[in-house]
Amino acid sequence: MTANFFIALLRFLIFPGLLFTAVVGLVMSWLDRKVTARVQWRVGPPFLQPFYDIVKLLGKEVIVPAGGSRMAFLGAPLVGLAGATLAATLIGTAAIYGGGGGFRGDIIILLYLLVLPSLAVILGGAASKNPLASVGASREMKLLMGYELPFILVMLVPIIQSGGMLSLGNLLSFQAQHGSFAASLSGVVALVAVLPCLQAKLALVPFDQAEAETEIMGGALIEYSGAPLAVFKLTKAMMLFTAPMFLVVVLWGGFGQTLGSALLGIGKYVALLVLVILLRNTNPRVKIKHAVRFFWGPVTALALIAVLLALVGV
Amino acid sequence: MTTIVPIGPFHPLLEEPELFRLHVDGETVVDIEVEIGWNHRGIEKICETKTFDQVPFVVERICGICSACHPTAYVQAVEDLADIEVPERALYIRSVITELERLHSHLLWLGLAGHFLGYNTVFMWAWKYREPVLDICEELTGNRNNYAMLKVGGVRRDLDESLFPSVLERMDDLDKHLNMLVGAVTDDPVLHARLKGVGILTPEAARAYGALGPTVRASGIPIDVRRDHPYAAYDLVDWDVISVDSCDVYGRAVVRLLECLESVKIIRRCLDQMRPGEIDSGVKEIPPGEGIGHAEAPRGETFHYVRSDGTNRPIRHKARAPTYMNLPTCRATTVGESITDATIILASVDPCYSCTERMGVYDASTGQKALDGKQLIKLSQEKTRQLREEMGE
């Protein structure tokens, strides 16, 4: 019992949870910044820059806005971090230990956990009593409602294809036996439909309305400083690792048990990430109403087609 | 219920201090107030303490981006006052410098507009293409900005003809890049969604507000000082006034991009037609009198007025930058739009706030305006009367 507890704690705090995801997430945010810089004819930051940023922010003064809710303001970033860490732990455990790592229904829990970072932004923005932050929070809320519908619809595709499996581990072993879901027609359509949702989950252009520096000066995060801001930044970097990883595991065959398949899995993850980075560099920010219309219109339609195809069995 | 969303006085949207109060209902702007007066420098007053020959250096610094247009308008005002004939080569040189300035100003705006839309790739690319233009400015005049080329009666420095082939070569490159940018803007469906039909300024409203430059030319009114009251070498070369009638932010972007292509054309022809000759008419004295000068700055008409009493300094100098006329159009364009649109609409007139600065009198204890415009004018008239009485007029 105690041994199991310690193993779970280690998984949560060290590997594949907080520490591991934080480090990989920050490295990936460096990749994002570097690729962006190269696309924009700039040199880009040195490798350790994201780490410097976080460390520096941690040492800065924390200012809580007068009149805001102190508890909610300081608690919000922790909620987001906890959500991202737990999601990373569950996904990582399932990806490494296969069928033995997960539990029945963990894919549903994960859908909730992946929403937590967005909820934290809404909570923190609303708690900071700044008109720009409330505009940011309300935009995040609208965006969340927009992209969650197609995102959840897409998640039905692997569940239907596998005949009702609700555990990450089982989905992985199913894919190991029958080939990845993305190899089927419905899987491909699902992957295409989920890409914009991924972009929105990561709050990157064209779906960064909640932060929109040149409109609402960082929006929901405008009042944050010091350690809480560092936690938000860290959460965002961790999501850069966790969210594409989730898609690779659920839809695209995971990492397998051999070195070759693991490398292939990492390749898939990097491919998704680079696609996200290029999307963010070749688009302007869209208006929030256009974003919601886009997610509820074409993206949801595409997700529905994927579900129907899965039901037909292709 | 309306909330006030402040844009400024310090905001990533603005390069200079300025305050817009957006009264918003949800995300819809229902009213907008502009407050200027954060960066008043008293340039007109400074000019009265400088000699006619020193003033160009001061007015150059009204705006770092219009640093050829303000001196052009000023020297033309003095030339109008003293009836001075300017040598032809100097006229060509003035045109080349002001067009180079228009090129880099419009590219700067394009980059900023991209940045305001969250499209940082456009930001960086536009500024990369702007860099060769600044290099050319440096090679021809010695400075990337604030060229110090203008002088009453001519220009201060001749252009080195041996540089022309390489300048023309870079103009060809720029032409290619500009065409690529025009394609990128006109073909991008996401940009269309963001810019088309946003910030409508009807031709009637544009006339009523007295809007200038690309702002009014995008509302289908082809006003351009360069053609309507030709100065420098604009009536000696062949070029077109660009105007579109979409009346929106998209139109203003297209007008600026196409104007860049026209500028390239003008520079090529000026360099081609320029013949060796005098560049300065050697003005010695400025007689008493008054004169006006205007030039088409990248943002619209820049207007300068100069009065002389026969000494070596102007006794009155007045400058009006185009943003002074363009800024108030925000009432017509932003009300009814969302905050998202309001930011790019405010940016679409290519505002230059420091140039627009006027004095305001505020009560420090309440933060409210203590005197309005009418009261200020009344005060100044009283002061003038008082001075006249003291001087015994």
- Message: Against the 2.2 N^0.38 Å scaling, with N counting residues, where does region B:1-130 land? I'd like the Cα-based Rg ratio to two decimal places.
- Response: 1.41
- Task: Within 10 Å of each Cβ in peptide A:285-291, how many partner chain Cβ atoms are there on average? Round it to a whole number, please.
- Result: 5
- Which of the peptides B:77-83, B:363-369 is most tightly packed, and how do the rest follow, going by the mean number of other Cβ atoms within 10 Å of each residue? B:77-83, B:363-369
- Query: Roughly how many Å is it from the Cα centre of region B:118-133 to that of region A:150-207, as a whole number?
  - Reply: 38
- Let me know the mean shielding of B:119-126 by other chains, meaning the per-residue number of their Cβ atoms within 10 Å of its Cβ. 5
- Query: Per residue, what volume in Å³ does the Cα convex hull of region B:214-314 take up?
  - Reply: 111
- Message: Can you give the log10 of the normalised intensity I(q)/I(0) at q = 0.07, 0.08 Å⁻¹, computed with Debye over equal Cα scatterers of region B:43-324?
- Response: -0.25, -0.33
- Quick note, the protein assembly as shown: a/c under 1.5 would make it rounded; otherwise a/b > b/c is prolate and the rest oblate (a ≥ b ≥ c, C-alpha gyration tensor); here it is prolate
- Message: Counting just the Cα atoms, what span does region B:276-393 cover along each of its three principal axes? Round to the nearest Å and put the largest first.
- Response: 56, 54, 22
- Note on the structure: Over all viewing directions the Cα convex hull of chain A casts an average projected area in nm² of 16.5
- Message: Need one value for B:338-350: mean number of C-beta atoms belonging to other chains within 10 Å of its residues' C-beta atoms.
- Response: 3
- Note on the structure: Quotient of Cα radius of gyration and Kirkwood radius for region A:2-89, i.e. Rg/Rh, equals 1.09
- Task: List B:CYS66, B:CYS137 from most exposed to least, where exposure is judged by having the fewest other Cβ atoms within 10 Å.
- Result: B:CYS137, B:CYS66
- Would you mind giving the three semi-axes, in whole Å and largest first, of the ellipsoid equivalent to region B:53-102 according to its Cα gyration tensor? 18, 15, 7
- Item | Set of region A:114-151 residues, backbone N closer than 16 Å to the point 7 Å along the Cα-Cβ line of B:MET1 | A:126-135, A:138
- Nearest 0.05, what FRET efficiency do B:ILE221 and B:LYS318 give at R0 = 25 Å with Cβ-Cβ as r? 0.50
- Query: Quick one: putting +1 on the C-beta of Lys and Arg, -1 on the C-beta of Asp and Glu, what dipole do you get for the protein assembly as shown around its Cα centre, in Debye to the nearest 20?
  - Reply: 2540
- Query: So, in nm, how far is label A:LEU166 from label B:LYS196 when the simple model puts each one 7 Å beyond its Cα toward the Cβ?
  - Reply: 4.7
- Message: Report the Cα centroid-to-centroid distance between region A:229-291 and region B:90-107 in angstrom, as an integer.
- Response: 47
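Where a number appears in this text, it was derived from the coordinates with a stated rule and is not lab data. Given the structure is predicted, the values throughout are model-derived calculations rather than measurements. Neighbour counts run over all protein chains shown; Cβ positions are idealised from the backbone, glycine included.
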